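The values are calculated or read from the model by the stated rules, or taken from the named source; none is laboratory data. Keep in mind that what you see is a predicted model, and the values were worked out from it rather than measured. So basically every Cβ, Gly included, is an ideal-geometry build from the backbone, and we count neighbours across all protein chains shown. Please note that ligands, DNA and RNA were not included when accessible areas were found on the heavy atoms of the full protein model with its side chains. Shrake-Rupley method; radii C 1.70, N 1.55, O 1.52, S 1.80 Å.
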Amino acid sequence: MTSTRQDPDSSVAPVAEGPLIVAAGVETRVGSKQLIGPLDFTLNAGELVVLLGPNGAGKSTLLTALAGDHRTAGDLEICGHPSHRSTLMQLARQRAVLPQNPTISFPFRVHEVVAMGRTPWDKTSDLDDAEVIESAMEATEVVHLRDRVVSSLSGGEQARVAVARIFAQRTPIILMDEPTAAMDLRHQERTFDHLRELCDDGAGVVVVVHDLGIAGAHADRILVMDQGLIAIAGTPENPLDTAVLSEVYRHRIDVIESPDLAYPLLVPFRRVRRGSQQEAP
Amino acid sequence: MRAARSPKIYGRTAALTTLLLAALLVSIVVAAGTGAFAISPGDVIGSIARRFGVSTDAGRGMADEVLWRIRFPRVALSVVVGASLGCAGAAMQGTFSNPLAEPGIVGVSAGASLGAIIAILTGLTAIGMWALPSAAFIGGLVTVVAVYFGARHDGRTEVVTLVLTGVALNAVVGAVIGLAVFMSDDAELRSITFWTMGSMAQASWPKVAAITPLAIIGVIAAIALGNQLDLLSLGEREARHLGVNVERLRIAMLGVVAVLSAAAAAVSGTILFVGLVIPHLVRMIAGPRHRVLLGLSALAGALVIVLADLVARTIAAPSELPLGVLTSLVGAPFFLWQLHRTRAAQGGWA
């Protein structure tokens, strides 16, 4: 990394020019079983990419591979450097990773957990840690919970604390596995609004979600995974092919387009079973 | 991390530190003065002052003799052993990310005792004063590594596996000790009983001198790695994503646990449950941050062992209750309660 200095006005650590992640021919195997790939992927600065796909399609595995967690076949460059040559500490300043089900072992308090996101920057950052932590807690609205023990919070509140920790890490790359699955509507939207702001500041984000509505509304690019490979890709200009999507999910998916909607709405087909016992209104 | 502590927790930590230090000093003076030959707190302090040249008034020869030959080595040993046990417990719980991990329960203390017993039976102790602690250390290290790799799966420690691994290891160690008892003569038998029960009765200045450096190194190393242990609470992958070299941290912490447990076991035998109860109580008051937890657990452990040893040697005077028996009597019900709570929180385990 050429520079790890942070601009106090920006919420993203600046990096060298060029794409944030370049993966070429990346694959992950466990024994003889091919979990994902080989596949190519590029994440550009300012881009919010959503990964969709059925259970077991390899979304989390791809996220793990993009995080540089272990040596995979193929080439992976993070912030312009081959990931296996970066130290763990350098990687921790380049990308933040939110696991699917964040847990914590001891009764740590909310502000302590959010502060853990600052540790990679210990003694290097020009930023005031307390301010960064505070603004991360504001972004997910957990300030009023700051002195609560995390494990005593509701599932959605715990998810907001986990996301705040990722925001506090202030890395140019953010990788999240179903960050909003447990959150209420307001905090789902706030989380993605904040991710959009980070992208506007030059960050790149890859998020796994299951909600087609969130994907359609917030993604710059949607990648649909199936059996370890990227089956189809979509952008606001070139929406997903619902026929292929229905096949991947093995469930009919329709698209609703209307001048009232800012983006096409993807909806799973639902057979109405209610009312067979009741009078029609 | 620096700026984010809330003043409330900070105040409680400072208050607890002060309280523990004061209580430890008072209990040292009281413990040193209590026994068949009673010495007033004033005389105890006077004797210490004279030894360090602060005071020059003539002392009572008999009291000085009792204090410096019998009582002080015993109290000093209690302080060092207690600090080692408390800190080792907190370190092990942090390394395993599990509040039920304790060197005694999972068999590390027993392994250290076994190393010591083998050293006694094979005559290795003749080599020098480091032979016994070294044998205890190797025994402790082998056990802690065995437990670690036996009880971990997919980066987590399951409580059931952990406790059952401990049961198995304690059974193995118990069998070998039984065999050693079967094969040993009377003198060896007495010394083996000492290892299995846990006691401060064999305290001496050379023993204090032998284990104090180990305890100091262990506690300092543990505290130095405390912030990384905090991150490990998030999980192994998450800690790695925050820049922690988990493998290196794990190896270092297992070494620290082995050094501390072995240092304690080498001079006092098997004392169980201190490493379980103490960190839990400290965590309740000062929070789970490991830097604070490790240091305060050492302090609280020292206090508890000084007081427990005082009770052990005075409650049934002139005979002496084994210290290990006393700590187990208090600690085992606490362990059961913790187990119950953990089970309830996890919704039971099949």
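Quick rundown of the values:
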read-out	value
Sulfur and carbon atoms: percent of accessible area, segment B:73-343 [1.4 Å]	73
Accessible surface buried once A binds B (1.4 Å probe; total of both sides; Å²)	2700
Residue-averaged beta-carbon neighbours from other chains (10 angstrom radius) around A:106-116	6
Cβ neighbours within 10 Å from other chains - mean over B:224-237	4
Translational D in µm²/s for segment A:72-120 (Stokes-Einstein at 37 °C, 0.692 mPa s, Kirkwood Rh from C-alpha pairs)	251
Taking the convex hull of Cα positions in segment A:64-152, its mean projected area over all directions (nm²)	7.2
DSSP bridge orientation in chain A - percent antiparallel, rounded to nearest 5	60
Cut-off 10 Å between beta-carbons: net charge of the residues surrounding A:Pro54, Lys and Arg +1, Asp and Glu -1	+1
Kirkwood hydrodynamic radius of chain A, Cα pairs, Å	19.9
Over the protein assembly as shown, equivalent-ellipsoid semi-axes from the Cα gyration tensor in Å	57, 26, 23
At 0.692 mPa s and 37 °C, Stokes D of chain B from Kirkwood alpha-carbon radius, µm² per second	158
Chymotrypsin sites (Phe, Trp or Tyr not before Pro), loop per DSSP, at most 15 other Cβ atoms within 10 Å - longest free stretch of chain B	B:131-348
Per residue, in Å², the accessible surface of chain A once ligands and nucleic acids are set aside, probe 1.4 Å	47
Most fluctuating residue given options B:Leu323, B:Leu339, B:Leu307, as computed from a GNM of chain B linking Cα atoms under 10 Å	B:Leu339
Among beta bridges that DSSP assigns inside the protein assembly as shown, antiparallel share in %, nearest 5	60
Projected-area average for segment A:126-192 over all orientations - Cα convex hull basis, square nanometres	4.7
Segment B:265-314: radius of gyration and largest Cα-Cα distance (Dmax), Å	11.9, 37
Alpha carbon centroid spacing (whole Å) that separates segment A:143-215 from segment B:320-338	46
Per-pair calculated FRET efficiency, R0 = 56 Å: A:Ser246 and B:Ile217 via Cβ, rounded to 0.05	0.30
Alpha-carbon gyration tensor eigenvalues x 5, square-rooted, for segment A:27-90, Å	20, 17, 10
For the protein assembly as shown, calculated [θ]222 nm from helices alone, where every DSSP H run of n ≥ 4 adds -39500 (n - 2.57)	-17500 deg cm²/dmol
P(r) histogram, all alpha-carbon pairs of segment B:216-260 included - 10 Å bins from 0, percent	30, 53, 17, 0
Charge sum, other residues only, whose C-beta stays under 11 Å from A:Pro38's C-beta, Lys/Arg counted +1 and Asp/Glu -1	-2
Per residue, in Å², the accessible surface of segment B:165-216 once ligands and nucleic acids are set aside, probe 1.4 Å	52
For the protein assembly as shown, size of Cβ-based charge dipole, Lys and Arg +1, Asp and Glu -1, in debye	2060
Kirkwood hydrodynamic radius (C-alpha pairs) into Stokes-Einstein, segment B:235-350, 4 °C and 1.567 mPa s, D in µm²/s	78
